[in-house]
Amino acid sequence: MALNSTHVSRVRSLYKRILLLHRFLPIDLKALGDQYVKDEFRRNKTAAPEEVKVFIQEWQNYRDTLQTQVLESAGDRVKKPKFGAELSEKDLKLFQDDQVGQLYELMLESTKAKRQFDIQEDGSKK
């Protein structure tokens with residue numbers, strides 16, 4: 001029982017840390033990222049133990065990358081912040097078909113001119 005509660009606590013902590021880091025993203029990417037993270041964590045609540053290990057490791061990698069990028073952007077106010085990472089062909093080959101589909105939909109949403117999450121900061125003019 002203690003192992004299960006420790007695992008749940010670690011997953012919850014990771015989830016909260018990612019959402020906290022998303023606060024530093026541009027508002028439209030924050031909304032998109034928050035929704036994606038919530039959906040992914042919800043979708044994987046009942047994953048098999050071997051899938052959970054990979055799931056957690058990949059989200060920890062994402063957290064670490066995003067944290068590094070947030071800190072770098074805070075230290076350099078001159079350049080426009082760059083968030084994200086390139087995926088190699090080798091990395092893409094490791095994805096399952098449904099993951100490639102999700103990644104493609106995410107790429108389309110994040111690059112289109114009129115995003116589904118067309119949100120503006122408080123106090124900005126429309």
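The helices (runs of 4 or more DSSP H) falling completely within segment 1-100 that include 2 or more residues that are on the phi < 0 side of the Ramachandran plot, over 11 Å from the mean Cα position of the chain (by Cα) and in contact (Cβ under 8 Å) with a residue 12 or more places away in the chain map to 2-22, 27-43, 49-75. Considering Gln120, Gln99, Gln116, the condition of being open to solvent by 60 Å² or more (accessible area, probe 1.4 Å), touching a Lys or Arg at 6+ places or on another chain (Cβ under 8 Å) and either of a type outside the set (Phe, Trp, Tyr) or at pLDDT below 60 (or both) is satisfied by Gln120 alone. Being open to solvent by less than 30 Å² (accessible area, probe 1.4 Å) and within 20 Å of Glu109 (Cα to Cα) is the requirement here; does Leu32 meet it? It is true that Leu32 is open to solvent by less than 30 Å² (accessible area, probe 1.4 Å) and within 20 Å of Glu109 (Cα to Cα). Here Pro49 clears all of (1) out of contact with any His (no Cβ under 7 Å at 6 or more places or on another chain); (2) farther than 18 Å from His7 by Cβ except the condition numbered (2).
Scanning segment 11-20 finds one or more residues that are touching a Gly at 6+ places or on another chain (Cβ under 9 Å) and of a type in the set (A, V, I, L, M, F, W, C). Selection over segment 12-26 of residues that are open to solvent by 60 Å² or more (accessible area, probe 1.4 Å) and of a type in the set (A, V, I, L, M) gives a count of 1. Apart from one condition, Gln57 fits all of (1) open to solvent by less than 80 Å² (accessible area, probe 1.4 Å); (2) modelled with pLDDT of 90 or more; the exception is (1).
Scanning segment 35-49 for residues that are closer than 23 Å to Met107 by Cβ and open to solvent by less than 70 Å² (accessible area, probe 1.4 Å) gives Tyr36, Val37, Asp39, Glu40, Phe41, Asn44.
The values are calculated or read from the model by the stated rules, or taken from the named source; none is laboratory data. Computed from a predicted structure; not experimentally measured. With ideal geometry, Cβ positions are generated from the backbone for all residues, glycine too; neighbour counts draw on all protein chains shown. Protein only, heavy atoms only, side chains kept; ligands, DNA and RNA dropped before computing areas. Shrake-Rupley method; radii C 1.70, N 1.55, O 1.52, S 1.80 Å.
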